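To start, the structure itself, in structure tokens.
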Amino acid sequence: MRQSTLFGRTLRDAPADAQTPGHKLMLRAAIARPLAAGIYTWLPIGFRVAKKVEQIIREEMNGIGAQEMELPVITPAEYWKETGRWDTLEPVAFRIKDHSGHDFMVSYTHEELVMHHGRSELLSYRQLPVAVYHFQSKGRDEARPRAGLLRVREFVMKDGYSFDADLAGLDKTYWAHHGAYARAFARMGLDALSVESDTGNMGGDVAHEFQVLTDVGEDRIVLCPGCRYSANMEKAVRRAAAGAASTAPAMEPVSTPGASSIEDLVRTLGIEAGGLLKTMLIRAAGGEVVAVVLPGDRELNEAKLRKLVGGGELAFANEADFAKVRGIAGFVGPVGLGARIVVDVSVAERGYVAGANRKDTHTRNVVPGRDFAGERADVHDVKPGDECPSCGKPLEIRRGVEVGNIFKFGPYYADKMGATFLAEDGTRKPFMFASYGIGVSRAVQTIIETNFDDAGIVWPAAVAPFDVHVVAMPVKDAEVRTAAETLVADLEGRGVEVLYDDRDESAGVKFADADLIGCPLRVTVSKRNVGAGKVEVRRRKSGEVLMLDAAAAAAELALLAKPS
RNA sequence: CGGGGUGUAGCUCAGCCUGGUAGAGCGCCCGCUUUGGGUGCGGGAGGACCGCCGGUUCGAAUCCGGCCGCCCCGACCA
């Protein structure tokens, strides 16, 4: 590829609204360009990287016997209505109507469509297990796209789906995908950690996310430095110490004028936040008001609570809700409250200060179990330093980018869609289903976010847009140009992918662009060395420089570029 | 959807407070120069109806109102 004709120019300055290092470099290096908020065009350099990422995924998926196919982008509403997702995806799905008014969704994902095909193609247990996958555009009208390609509204996802006859088979298929994912991410240069994740409100029991730890990530990941435990914050748990039984005296009111927050109470009563009970009134999807009781130093984990109350959206209670359960804003407590009460497992059997459900008043010596009842549940966020649930060491919290996820749905979709096969025992059984996703563009930018230096991108060799960047200078010099073009032709003849900088630019411009674009090997064919029959090779990552004889350079570079 | 910010040339920005008809640097084109780190000199083109609509005013990039786009935080995100 001649750089003089390359579509897409590098930028000396990143646009002001680019925030993360990867976002800036992605734009500066002409990887992709925005077309609208969260909607991007791949430029040729970025497209090459995306295709390499895809190919790695393809090879690993094929390696576990999954079959590539392709489903459409435009999908009829009827299948989505079978599972109810036509309605539940309402806020985030792009929809269109055809000329006669029929409803379609721009594919948000493809579970329903694959299950539909499965129920008509797969009739017998003899055809199972089977796994399929495709690379296809997804449309998601995210309320807030962010950070370039990290969160976009339209993107290509590799999504895979598996059908098994029973749970044991599903388990085996699931872990085969887990292995393929781990290998794929490693090959593309991503240090992806498998973490336990929430299964969301679409059923299923087990799910893992592959997270790349980086400060630019939007997910919070709980990690144990002592063992293998790792989980998304939505799912993470801790080992809670058993408290001693309470010896607190009877409850008594305490006047707390104007002290309606944990901070106020800590200040005015002079006690630790952990000695307070925080009672939050939450309105569940069905309108039910739930009072969640947490120690004053713990935060509510919405994902856990959502799961407990049956999914759907959670909101803070409104005025009418407060009135209904006889709660007073700022002074809500669990004693005498007319609501379903969920007591977090962090709450001990001891005396606390809690709201009295009376203005400007709290109650001392409130003991859970003795003074109020409630169902026990884990609905709190893990904090740094909490004990690991499996080994007890202090946990850490890091940020991560979710580059892939795998979900075990079990019979959920098959049941919703009446998808069954004839089992060995002659009965009809639902397919045991799972799905597996990787966002290609997110993976590309995450590679950049974790592989760069002050000068630009440092591509892992397996996904670099080109293996070798040949820089000729001055390109006006016939001898130099001839030497460079001979080398380029020789390299290409050996299957090496070459970006050839044939532009009449100064050395500084060319080197700066080469660093920015970040191919693993840079070869300089210059006036200085061509007379001596030498070319200079520089490794992008290490900066290591070696001089090669021009005559043998192509053969040696081919080995450096594709060691086998 | 809530909060905050922002919108002037391809990019980075100044001008706005205090109204008078729009600028700089980089980039782009040509020539020479230079050719191992965004080179130098000279010439040149073009380029923003100052996001849009309305209002105030003799006059609006500038003041006022509304809307839109984009960015950030939050909510949301099988």
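The values are calculated or read from the model by the stated rules, or taken from the named source; none is laboratory data. Owing to the predicted nature of the structure, the values given are computational and were not obtained by experimental measurement. Backbone-built Cβ (ideal geometry, glycine too); neighbour counts: all protein chains shown. What goes into the accessible areas is simple: the full protein's heavy atoms, side chains included, and nothing from ligands, DNA or RNA. Shrake-Rupley method; radii C 1.70, N 1.55, O 1.52, S 1.80 Å.
Given Cα pairs under 8 Å that are at least 6 residues apart, what percent is the relative contact order of region A:466-561?
For region A:466-561, the relative contact order is 33 percent.
From the backbone phi of region A:454-460, what are the Karplus-calculated ³J(HN,Hα) couplings (6.51 cos²θ - 1.76 cosθ + 1.60, θ = phi - 60°) in whole Hz, Gly and Pro given as x?
Coupling constants for region A:454-460: 4, 8, x, 6, 10, 5, x Hz.
Could you check the simple spin-label distance between A:Asp87 and A:Ala512, using points 7 Å along Cα→Cβ, in nm with one decimal?
Inter-label distance under the simple model: 5.9 nm.
Given 0.36 nm per residue, what is the gain on full extension from A:Asp98 to A:Phe316 after removing their alpha carbon distance, in nm?
This chain segment gains 74.6 nm when fully extended.
Do you know the relative contact order of chain A, to the nearest whole percent, from alpha carbon pairs under 8 angstrom that are 6+ apart?
17 percent
Taking A:Lys52 as the anchor, which lysines have their alpha carbon closer than 30 Å to its alpha carbon, excluding any fewer than eight residues away along the same chain?
In chain and number order, the partners are A:Lys24, A:Lys138, A:Lys158, A:Lys172, A:Lys408, A:Lys510, A:Lys541, A:Lys562.
Roughly what angle does helix A:507-517 make with the longest principal axis of chain A, taking Cα atoms, 0 to 90 degrees, to the nearest 10?
Orientation of helix A:507-517: about 40 degrees from the principal axis.
Against the longest alpha carbon principal axis of chain A, how many degrees, from 0 to 90 and to the nearest 10, is the axis of helix A:111-121 turned?
80 degrees
With +1 on the Cβ of every Lys and Arg and -1 on the Cβ of every Asp and Glu, and nothing else charged, how large is the dipole of chain A about its Cα centre, in debye rounded to the nearest 20?
480 debye
If you put +1 on each Lys and Arg Cβ and -1 on each Asp and Glu Cβ, how big is the dipole of region A:1-92 around its Cα centre, in Debye rounded to 20?
820 debye
Using amide H atoms built 1.01 Å from N in the peptide plane, name the residues 5+ places from A:Arg151, or on other chains, whose amide H lies under 5 Å from its own.
Result for A:Arg151 returns A:Arg146.
Which distance in nm do the two modelled labels at A:Ala273 and A:Ala551 give, with both placed 7 Å along the Cα-to-Cβ direction?
With each label placed 7 Å out from Cα toward Cβ, I get 7.4 nm.
Helix A:478-493 sits at what angle to the longest principal axis of chain A, using alpha carbons and giving 0 to 90 degrees rounded to 10?
So the inclination is approximately 60 degrees.
Cysteines of chain A lacking any other cysteine beta carbon under 4.7 Å?
Lone cysteines by the Cβ rule: A:Cys519.
Between the alpha-carbon centers of region A:450-468 and region A:333-365, tell me the distance in whole angstrom.
Distance between centres, Cα-based: 56 Å.
With θ taken as phi - 60° and the coefficients 6.51, -1.76 and 1.60, list the Karplus ³J(HN,Hα) couplings across region A:557-563 in order, rounded to whole Hz; mark glycine and proline as x.
Karplus values, whole Hz, x for Gly and Pro: 5, 4, 6, 5, 6, 10, x.
Taking θ = phi - 60°, what integer Hz values does the Karplus form 6.51 cos²θ - 1.76 cosθ + 1.60 yield along region A:52-59, in sequence order, with x for Gly and Pro?
For region A:52-59, the Karplus curve yields 6, 4, 4, 5, 4, 4, 4, 4 Hz.
Take the Cα of A:Ala36, step 7 Å along the line toward its Cβ, and report every residue of region A:83-100 whose backbone nitrogen sits under 19 Å from that point.
Under cut-off, by backbone N: A:90-99.
All other residues with a Cβ under 15 Å from the Cβ of A:Gly38 taken together, and with Lys, Arg as +1 and Asp, Glu as -1, what is their net charge?
Neighbour charge sum, excluding A:Gly38 itself: +3.
Lysines within cross-link reach of A:Lys324: Cα-Cα under 22 Å, excluding same-chain residues under 8 positions apart?
The reachable lysines, counting only those whose Cα sits under 22 Å from A:Lys324, are A:Lys278, A:Lys359.
Could you pull out the chymotrypsin sites (Phe, Trp or Tyr not before Pro) across region A:1-66 that fall in loop regions by DSSP (anything but H, G, I, E, B) with no more than 10 other Cβ atoms inside 10 Å?
Those that pass, being in a loop and sparsely packed, are A:Phe7.
Out of region A:224-309, which trypsin sites (Lys or Arg not before Pro) are coil in DSSP terms and have no more than 16 other C-beta atoms within 10 Å?
Within region A:224-309, the qualifying trypsin sites (Lys or Arg not before Pro) (loop, at most 16 other Cβ atoms within 10 Å) are A:Arg228.
Please enumerate, by chain and number, the aspartates and glutamates with C-alpha under 16 Å from the C-alpha of A:Lys81, excluding those fewer than 8 residues away in the same chain.
List returned: A:Glu90, A:Asp103, A:Glu111, A:Glu112, A:Asp415.
Full-extension gain between A:Leu559 and A:Ile397, please, as 0.36 nm times their residue separation minus the C-alpha to C-alpha distance.
Here the answer is 54.1 nm.
Would you kindly state how much longer the chain becomes between A:Val206 and A:Arg2 on full extension, computed as 0.36 nm times their sequence separation minus their alpha carbon distance, in nm to one decimal?
In short, 68.5 nm is gained.
Under 5 Å between amide hydrogens, which residues at least 5 positions from A:Ala434 or on another chain qualify, with H placed 1.01 Å from N in the peptide plane?
Counting only residues 5 or more places away or on other chains, the set is A:Ser162, A:Phe409.
Please identify every one of the GluC sites (Glu not before Pro) in region A:502-564 that sits in a loop by DSSP and has no more than 16 other beta carbons within 10 Å of its own beta carbon.
A:Glu544
What residues have an amide H closer than 5 Å to that of A:Arg95, excluding those fewer than 5 places away on the same chain, when H is modeled at 1.01 Å from N in the peptide plane?
Amide H neighbours of A:Arg95, under 5 Å, 5+ apart: A:Val106.
Which stretch or stretches of region A:410-437 have amide N atoms under 18 Å from the point lying 7 Å from A:Gln67's Cα along the Cα→Cβ direction?
Flagged as within label range: A:420-422, A:431-436.
Carbon and sulfur atoms: what percent of the 1.4 Å accessible area of chain A do they account for?
It is 52 percent, rounded to a whole number.
Calculate for chain A the 222 nm mean residue ellipticity that helices alone would give, adding -39,500 (n - 2.57) per DSSP H run of length 4 or more and normalising by residue count, nearest 500 deg cm²/dmol.
Theoretical 222 nm ellipticity from helices: -8000 deg cm²/dmol.
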